[in-house]
Every structure is written in structure tokens, then in C-alpha cells.
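Everything on this sheet refers to the single structure shown next.
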Amino acid sequence: MVRLALGVALAFWFSGAALCAENPEAKGSIGVATMLQNGTILVGVGGPDAARARAVLMVEPGDTNYQSIIDHVGGLKPGETKPIPPWPDQPPAPKKENAAPESPPAN
């Protein structure tokens, strides 16, 4: 069963990569998201060229990231494949290097 799911995921990745290559709006896409008929989302994240997936992730309904993926691609319906735009960059958290330990307040 796992092999079948992986095969389906890879097949959708390749068809999605072709869709992104043909769709001018997909420029800058980091991959594709495809929703299966059962609601599972296959997320294919690109590799060095459009013909290879670096990773394929299956996200099922109820997963904590499920709705955020749908929202990020602008909605997704069963059977639909959409390009995944990059997420906005977030500034790195400030590092506290060589910070002196805080001393307790004086009374």
C-alpha cells in the first residue's frame, strides 16, 4: 500500500511539474500541491531541475498543516493541482551570543 501511495505521489509530482513549467503564473514556484479524491494533499517540493522531486509529502485531512497548505495555494479541490508559491521570508530570531547571565534584582 505504501509503495502504491509513493507511486501515485511521484506520478502527480511529474504531472504537476509539467503544469508549472507550462503555466507562466507558476514562475517562482517551490513545488506543486495536488489534492486526491479522498482529500489527501500530495506536496511535491522541487529539486535541482523540474523533472525530479526532492521530496513528496502526503498531508491528510486533520493534519495540523492541512488547512494552511490549502490557504497558501489559494484553495484546493479534489483532483486539482496548483503551484506552491514561496512562503514569505521571516527574519531570523536574534541570537544572544556571549550574553552575560542575568543577575537577580537587588533589594
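Summary table
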{"read-out": "Residue-span extension gain [Lys77 to Leu57] - 0.36 nm each, minus C-alpha spacing", "value": "5.5 nm"}
{"read-out": "Summed residue charge, Cβ within 13 Å of Ile41's Cβ, Lys/Arg positive, Asp/Glu negative", "value": "-2"}
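Where a number appears in this text, it was derived from the coordinates with a stated rule and is not lab data. Here the structure is a predicted model, which means the values were calculated and not measured. Cβ sites come from the backbone with ideal geometry, for glycine too, and all protein chains shown count toward neighbours.
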